[in-house]
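A short worksheet on the structure shown next.
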Amino acid sequence: MPTDTLYGVVGQAENIATVERIYKVRKRASEKPCIVLIGNLSDLEKFSITVSEEQKIALNKYWLGGLAGPVSIVLNCLDEKFSYLHRGTKTLAFRLPAQTGLQNLLKKTGPLIAPSANPEGLPPAQTIAEAKNYFGDLVDLYIDGGSLAGQASKVIKLHKNGLVDILRP
């Protein structure tokens, strides 16, 4: 389905079997965590993440202020319950899409992991036809959003004190 950046292979982030299936379908390296799309800031609590006041200010600036386009923000996730998502890194990357329609969908579905729609090492699908060529009937549903030639999101690490490290410009 189209996300706010590229086509993604999406599934419920809180469902271990779904997450593992997406890794298998995409042939994704098992040690690489996926970005999690959320519908609002309170979704972070579902992953045992509490944010400091400094982090809250930064999150509002990047996500609600629309600063710098799509930004995925890496936060510490020390809860081993989510090791199937953080893959041993003890961090998770989250993105709150600016698109209201996508936010509304996420509020209904809950957080979704959303790696790009391509097998590991190949370019992201720009059309549903390309995605179908990659995945065939391994994917349950395709949602056509036309041709998407977007870019992956910027990725930053947000520290408790509000400082950031840019991981992917």
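The values are calculated or read from the model by the stated rules, or taken from the named source; none is laboratory data. Since we're looking at a predicted model, the values are computed, not measured. Ideal geometry is used to build each Cβ from the backbone, glycine not excepted, and the neighbour counts take in all protein chains shown.
Numbers below:
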quantity: Failed item in (1) among the basic types (K, R); (2) farther than 21 Å from G69 by Cβ; (3) in contact (Cβ under 8 Å) with a residue 40 or more places away in the chain, with K81 passing the rest; calculated: (3)
quantity: Leading residue by the ranking (modelled with the lowest pLDDT) among those in segment 35-58 that are crowded, with 20+ Cβ neighbours inside 10 Å and over 21 Å from P115 (Cβ atoms); calculated: A58
quantity: Members of segment 21-42 that are over 19 Å from K90 (Cβ atoms), out of contact with any Asp or Glu (no Cβ under 9 Å at 6 or more places or on another chain) and touching a residue at least 40 places away in the same chain (Cβ under 8 Å); calculated: I22, V25, G39, N40, L41
quantity: Among (1) under 17 Å from L96 (Cα atoms); (2) touching a helix residue (DSSP H, G or I) at 6+ places or on another chain (Cβ under 7 Å); (3) modelled with pLDDT of 95 or more - the single one L67 does not satisfy; calculated: (3)
quantity: Residue under evaluation V19, criteria (1) closer than 15 Å to I156 by Cα; (2) surrounded by 14 or more Cβ atoms within 10 Å (Cβ to Cβ); (3) touching a Gly at 6+ places or on another chain (Cβ under 9 Å), criterion not met; calculated: (1)
quantity: Restricting segment 59-73 to residues that are touching a residue at least 60 places away in the same chain (Cβ under 8 Å) and surrounded by fewer than 21 Cβ atoms within 10 Å (Cβ to Cβ), the residue that is nearest to L6 (Cα to Cα); calculated: G69
quantity: Answer residue from segment 151-162, given it is in contact with a strand residue (DSSP E or B) (Cβ under 9 Å, 6 or more places away or on another chain) and either hydroxyl-bearing (S, T, Y) or in a loop (DSSP other than H, G, I, E, B) (or both) and is surrounded by the most Cβ atoms within 10 Å (Cβ to Cβ) among those; calculated: S153
quantity: Total residues in segment 145-166, condition in contact (Cβ under 8 Å) with a residue 24 or more places away in the chain and either β-branched (V, I, T) or closer than 24 Å to T18 by Cα (or both); calculated: 6
quantity: Single residue of A93, A125, A117 found to be surrounded by 20 or more Cβ atoms within 10 Å (Cβ to Cβ), closer than 19 Å to D165 by Cα and of a type outside the set (S, T, Y); calculated: A93
quantity: Selection from segment 4-33 of residues that are closer than 16 Å to P97 by Cβ, in a loop (DSSP other than H, G, I, E, B) and touching a Leu at 6+ places or on another chain (Cβ under 7 Å); calculated: D4, L6, V10, A13
